[in-house]
Amino acid sequence: MTDGFYSARLRRGDMAPTEKLSQVSWSLLFWVCCIFAFGFAMLYSAGGGSFQPWAGPQLARFLAGIAIVLVVAILDIRILLQYAYVFYGLVLILLVAVDVRGLIGMGAQRWIDLGFINLQPSELMKPALIMALARYFQGVGIEDIGRPINLLVPVVMTLVPVALIIKEPDLGTALLVLMSAAGVLFMAGVRMWKFALVIAVGLGAIPVIWPFLHDYQQNRVLTFLNPERDPLGDGYHILQSKIALGSGGLFGKGFMDGTQSRLNFLPEKQTDFIFTMLAEELGMVGALGLLALYVIVLIYGYSIAFRCRHQFGRLVAMGLTTGFFLFFFINIAMVMGLLPVVGVTLPFISYGGTSLLTLMLCVGILMNVQVHRDIQISMRGGIDF
Amino acid sequence: MIATRDSDWTKMFNRRAAILGGAQGLMVATLVGRMYYLQVLQADRYRTLADENRINIQLLPPPRGRILDRFGQPLAANKQQFQVMVIPEQAPKIGQTLEILSQLIDVPDHERERILKEVRRKRSFVPVTIKQNLTWEEMARIQVNAPDLPGIVVDEGLTRYYPIGGGASHLLGYVAAVDEADLTGDPLLQLPGFKIGKLGVEKIYDMQLRGKGGTSEIEVNAVGRAIRELERHEGEPGADVTLTIDERLQRYTAERLEDESASVNVMDIYTGEMLVMVSNPSYDPHVFARGATPSEWKALSTDSHAPMINKSIAGRYPPGSTFKSVVALAALEHGVAGPDATVNCAGFTTFGGRRWYCWAFNQPTRAHGNINMVQAIAQSCDCYFYEMARRMGVDRVAAVAKKLGLGDITGVGLPNEQKGLMPTEAWKKAATGEPWQPGENLNIGIGQGQVTVTPIQLAQLAARLANGGLAVKPTLIKKAPGVEAPQLESLGFSPQNLAVVHEGMFEVINGARGTARTFAKLKFTDAERKGWTMSGKSGSVQTHRISKAEREAGVKKQEELPWEERDHALFIAYAPSEQPRYAMSVVVEHGAHGSDTASPIARDIMMKVLEYDPSRKPRVDEDVVAAAPPAMVPPAPAPTATPVKPAGDGQ
């Protein structure tokens, strides 16, 4: 087998599943497993040295997640391309359903109970929107990017789900979705000045939006600006989080010996504030270790995007990578008091089913781009043999 | 074309990816910087905050020291007390649990409301007290039914207990909850339920009895639940205070006084140690430890017999005829009368244009006739002492009285001790602006008028007369074993003069015509004490003036008067007469004649004192004391015909 023959086949994409599996980036999967191992250990500690109630179930989900990664990785990328809008549409309908259920008084919830899992459509919207946008730009030439219609459609595609998610209300996820979409638009070549304009308008809109925010959302922002404002109320969480982090010091208090987390001074230590617990028990050394793993995964994402030959794959890979970055950055910055508390979990570490499975889906899609990096896709997005 | 477009794409993509990557790199660097700031630069500060979060320092109250009598018998001690509490989180159906509990012990409805209110207010793991001071039986009943009472726990603590009951309340005082005014910064005082001494010895020696609190460092979680004890520093239990009181005599005296409104004080004439200090009626000190109800307060503070006042130190009475011992000694000391010189008693003396009656005037004999000093003391002849006082004037009487400690605090060491008053001419001028009237001298001569004394001063007076004029002072605190009693100073009275007064006081009880010959003779039958005698002086003090009309109509018998109008009965005594060791004072408010009411009380108590002879016995529980020679051992008393004065403090 010559290289030329090989690449011709790769270009056509007619590979057997086993061949595709050999193309999967197993080392990326290894690093993801490393991150999960951190999370598993933390959930075990959060449970007071027990697999229940968090570590055990989360491990089961992770193993299921690995299956998802591999299955998604070897799907033909053109199928992803073809069904990108359908997937986006389905998730959008679920989001509307969640909002409508809240409206007709069945209680405002962020999830839909599917029996075996509580599905959070807002989580699924992250990959769905990224793929839909990538799908859209796959068919747009570089000289057509500047046309208003090519800006208007993606912006509408982004703002509709973002508005629905804000309404849930889940400001954190809405922010993540919005910024991931912005990442895709940026990489697709939308002009810099347009971003600058939007940011300027956005800042200008804050005083207009402010009265429409929920009280607790306003409080979170105010508390972020001055955590000592109400040390026993809204400032309590962030203050306790900083105490836990700081008291961990360089080497931490030791695994399962974090006083702040064990004595429940930390709120939601198994979800939003799990990084705090990690930094308390394992110290700055442990926190830096986790951060390094995240950066490794980030570099993998970039390299997959660089090596991909088609626009769809590049944009998907960059969108997912950007989303992933924002995901862990916002969480860590939040618990360290650099950002307001917006309720974003820590990828692969925090307890939570939908979040973990969505992440694994994203890893699967990234792998898929890696496997199908050389495939030629027609301008119109169809399967081109 | 496609290639160009591809390369344009790639260029832009790479450029933008670099921008994005660079931005993300910067943001990661920000995270690392923040981490370094929090976990390295500020680590110490946050570590302190984390410890403050989780460590709760609790005070451990030290057990209060005991108050012991001279033989180590507890007068105030700590008793285990049981209280029943409910831990709400362990009692899911709290109403039902309380219902079952109230069938076992009495829980009034208003208490049940309070409990439910407290349960709602406090965190679910904080125990709420249901009832304190459970009896052993109640405690056992709850324990037996424990399976039906989820969340109910019985807790034991210490409560102050006075085995003698009310028998020494005025002396010991009581403990009660801390008031705002008591707060001194000692954190112990802020402990809920902590009690401090409020009166008497409990108050004076509070710091010693209190001890030092320990601390316990408890790790607590975010809602304050205790997780475990990290460190414990035991405090110092309060030190015991040993009094000079003999618990047996104190108890006997309190019982002997029955319902009388009275004060009895017995002291060792050489050491000043108080063996008995009883003020009657008394109160139950336990009431204050648990908190007196308003109605209990009212009952105690409005009682005509003044149970809340320690009459021994705070009751001021004219000394009446007991003062004649002082006037007699003063007359001898100032040379205005010799032991054998007589004064004629006609039943009254005329001075300043009016008659001054002798009490004999109301007796069948109407007068004492010619009477010398010894007989004047023995028969308490008023005319004789009118004459002595007239000859001396108040200031010369006061000089001797003051040496004997009258009109001044004794320094026995209890709060609220009163001075009484020994008037002088200068005092009257300063206090009222009026000059002293010669007639007032006569009143002073028989211990009436302005002069007032406290019962403890009277005991001190008897002791100073009995010990040969040594400046003994009453004390309540037993000296540590081996500590020498300080040498007593002499007051400078002539032994011959004292001997005359002694003889007079001997005759009061043992003479053929002594005022107290009927009731105050000691009645020992055992070989050792047979023939021992007591010396003393009775007194009765009019509490209202006898008008001329009354006197002509025939003075009413005391028993016919309402209680408030009867005379105070007083008695001072020491024994054994020949070799005295113990002195005492008895004051019975409105007890009518001293010789009738106070003297038998004095006799009974003195006999008990001599029987136990406590100053000669070592503390039973302390070998050290037993081994050490007593600070002062006078020769064993032996009945002899002539009174032997003790050789003073030289031994």
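The values are calculated or read from the model by the stated rules, or taken from the named source; none is laboratory data. These figures come from a predicted structure and were not determined experimentally. So basically every Cβ, Gly included, is an ideal-geometry build from the backbone, and we count neighbours across all protein chains shown. Ligands, DNA and RNA are excluded from the accessible area calculation, which covers all protein heavy atoms including side chains. Shrake-Rupley method; radii C 1.70, N 1.55, O 1.52, S 1.80 Å.
The figures follow:
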{"quantity": "Where labels lie 7 Å past Cα in the beta-carbon direction, separation of B:A430 and B:R123 in nm", "calculated": "6.4"}
{"quantity": "In degrees, nearest ten, helix B:324-333 long axis to first principal axis of chain B (Cα)", "calculated": "70"}
{"quantity": "Shielding by partners - mean other protein chain Cβ count within 10 Å, residues of A:281-292", "calculated": "2"}
{"quantity": "Label zone at B:N416, where the point sits 7 Å out along the Cα-to-Cβ direction: segment B:226-259 residues whose backbone N lies under 17 Å", "calculated": "none"}
{"quantity": "Accessible heavy-atom area order of B:W427, B:W532, A:W26, highest first, probe of 1.4 Å", "calculated": "A:W26, B:W427, B:W532"}
{"quantity": "Gain in span if fully extended, B:D259 to B:A222, counting 0.36 nm per residue against the direct Cα distance", "calculated": "7.3 nm"}
{"quantity": "Rel. contact order, % - alpha carbon contacts under 8 angstrom, at least six apart, chain B", "calculated": "13"}
{"quantity": "Rounded to the nearest 10 Å², the accessible area of B:V483 at probe 1.4 Å", "calculated": "80"}
{"quantity": "Residues of segment A:68-88 with amide N under 16 Å of a point placed 7 Å along Cα→Cβ from A:Q376", "calculated": "A:78"}
{"quantity": "Mean Kyte hydropathy of 1.0 or more with a Cα span along the axis of at least 18 Å, helices from DSSP in chain A", "calculated": "A:26-46, A:55-74, A:77-103, A:148-167, A:171-188, A:192-209, A:274-307, A:311-335, A:353-371"}
{"quantity": "Computed magnitude of the charge dipole of the protein assembly as shown (debye, nearest 20; Cβ of K, R +1, Cβ of D, E -1)", "calculated": "2260"}
{"quantity": "Phi to ³J(HN,Hα) by Karplus 6.51 cos²θ - 1.76 cosθ + 1.60 over segment B:433-444, Hz, x for Gly, Pro", "calculated": "x, 8, x, 5, 8, x, x, 5, 4, 5, 4, 4"}
{"quantity": "Area of B:E434 that stays accessible when all protein chains are in place (1.4 Å probe, Å², to 10)", "calculated": "100"}
{"quantity": "For segment A:12-77: relative contact order, % (alpha-carbon pairs under 8 angstrom, 6 or more apart)", "calculated": "37"}
{"quantity": "Exposure rank, largest accessible area first [A:F251, B:F493; 1.4 Å]", "calculated": "A:F251, B:F493"}
{"quantity": "Taking all pairs of distinct alpha-carbon atoms in segment A:27-371, Kirkwood radius in angstrom", "calculated": "20.9"}
{"quantity": "Estimated Rh, the protein assembly as shown: Kirkwood, alpha-carbon pairs, angstrom", "calculated": "37.7"}
{"quantity": "Inter-label distance, nm, simple model (7 Å from Cα along the C-beta direction), A:A200/B:A341", "calculated": "12.7"}
{"quantity": "Solvent-accessible area per residue for chain B (1.4 angstrom probe, square angstrom)", "calculated": "45"}
{"quantity": "Nearest-ten-degree value, helix B:94-104 long axis tilted from longest Cα axis of chain B", "calculated": "30"}
{"quantity": "Shape category assigned to segment A:30-165 from the gyration tensor of Cα positions, a/c cut at 1.5", "calculated": "oblate"}
{"quantity": "Nitroxide proxy distance, nm - points 7 Å out along Cα→Cβ at B:R232 and A:I145", "calculated": "7.3"}
{"quantity": "Chain B: C-alpha pair distances exceeding 31 Å, %", "calculated": "62"}
{"quantity": "Listed residues A:I238, A:I112 arranged by accessible area, highest first, probe 1.4 Å", "calculated": "A:I112, A:I238"}
{"quantity": "Surface share of carbon and sulfur [accessible, 1.4 angstrom probe, percent] for chain B", "calculated": "52"}
{"quantity": "Fully extended contour minus Cα-Cα distance, from B:Q96 to B:T525, at 0.36 nm per residue", "calculated": "147.6 nm"}
{"quantity": "Percentage relative contact order, segment A:162-301, counting C-alpha pairs under 8 Å, at least six apart", "calculated": "15"}
{"quantity": "Cβ-placed point charges (K, R +1; D, E -1), dipole of chain B about Cα centre in debye, nearest 20", "calculated": "980"}
{"quantity": "In Hz, Karplus ³J(HN,Hα) per residue of segment B:529-534 (6.51, -1.76, 1.60; θ = phi - 60°; x = Gly, Pro)", "calculated": "9, 4, x, 5, 10, 10"}
{"quantity": "Cα-based reach from A:K20 at 15 Å (exclusive), listing aspartates and glutamates while leaving out same-chain residues under 8 positions away", "calculated": "A:D76, A:D374"}
{"quantity": "Built amide H within the under 5 Å cut-off of B:E273, gap 5+", "calculated": "B:D268, B:T475"}
{"quantity": "Folded to 0 to 90 degrees: helix B:382-392 orientation relative to chain B principal axis, Cα", "calculated": "80"}
{"quantity": "Residue-averaged beta-carbon neighbours from other chains (10 angstrom radius) around B:15-22", "calculated": "5"}
{"quantity": "Cα point-scatterer Debye curve for segment B:69-228, base-10 log of I(q)/I(0) at q = 0.10, 0.11, 0.14, 0.16 Å⁻¹", "calculated": "-0.51, -0.61, -0.92, -1.09"}
{"quantity": "Above-threshold pairs, the threshold being 22 Å between Cα atoms, out of B:K203/B:K419; B:K198/B:K479; B:K198/B:K403", "calculated": "B:K198/B:K479; B:K198/B:K403"}
{"quantity": "FRET efficiency for B:R45 and B:A23, using Cβ-Cβ distance with R0 set to 35 Å, rounded to 0.05", "calculated": "0.65"}
{"quantity": "Cβ-derived FRET efficiency at R0 35 Å, B:A181 paired with A:Y236, nearest 0.05", "calculated": "0.40"}
{"quantity": "Helical contribution to [θ] at 222 nm, DSSP H n ≥ 4, -39,500 (n - 2.57), averaged over chain B, rounded to 500", "calculated": "-10000 deg cm²/dmol"}
{"quantity": "Extreme residue, positive dipole direction of chain A, given options A:V371, A:L282, A:I130 (C-beta unit charges)", "calculated": "A:V371"}
{"quantity": "Lys pairs under 25 Å by Cα in segment A:27-371, provided they are eight or more residues apart or on distinct chains", "calculated": "6"}
{"quantity": "Stretch gain in nm, segment B:I409-B:N145, where the contour uses 0.36 nm per residue and the Cα spacing is subtracted", "calculated": "89.2 nm"}
{"quantity": "Calculated FRET efficiency for the pair A:A64/A:S22, C-beta based, R₀ 25 Å, to 0.05", "calculated": "0.60"}
{"quantity": "Most to least packed among B:46-57, B:246-257, A:319-330 [average Cβ atoms within 10 Å]", "calculated": "A:319-330, B:246-257, B:46-57"}
{"quantity": "Per-selection Rg to Rh, segment A:234-385 - Cα, Kirkwood hydrodynamic radius", "calculated": "1.11"}
{"quantity": "Listed residue (B:F506, B:I55, A:F62) projecting farthest to the positive dipole end of the protein assembly as shown, Cβ model", "calculated": "A:F62"}
{"quantity": "Lys, Arg +1 and Asp, Glu -1 on Cβ, resulting dipole of segment A:27-371 about Cα centre, debye, nearest 20", "calculated": "720"}
{"quantity": "Listed residues B:V397, B:L257, B:P495: farthest to the positive end of the dipole of chain B (Cβ charges)", "calculated": "B:V397"}
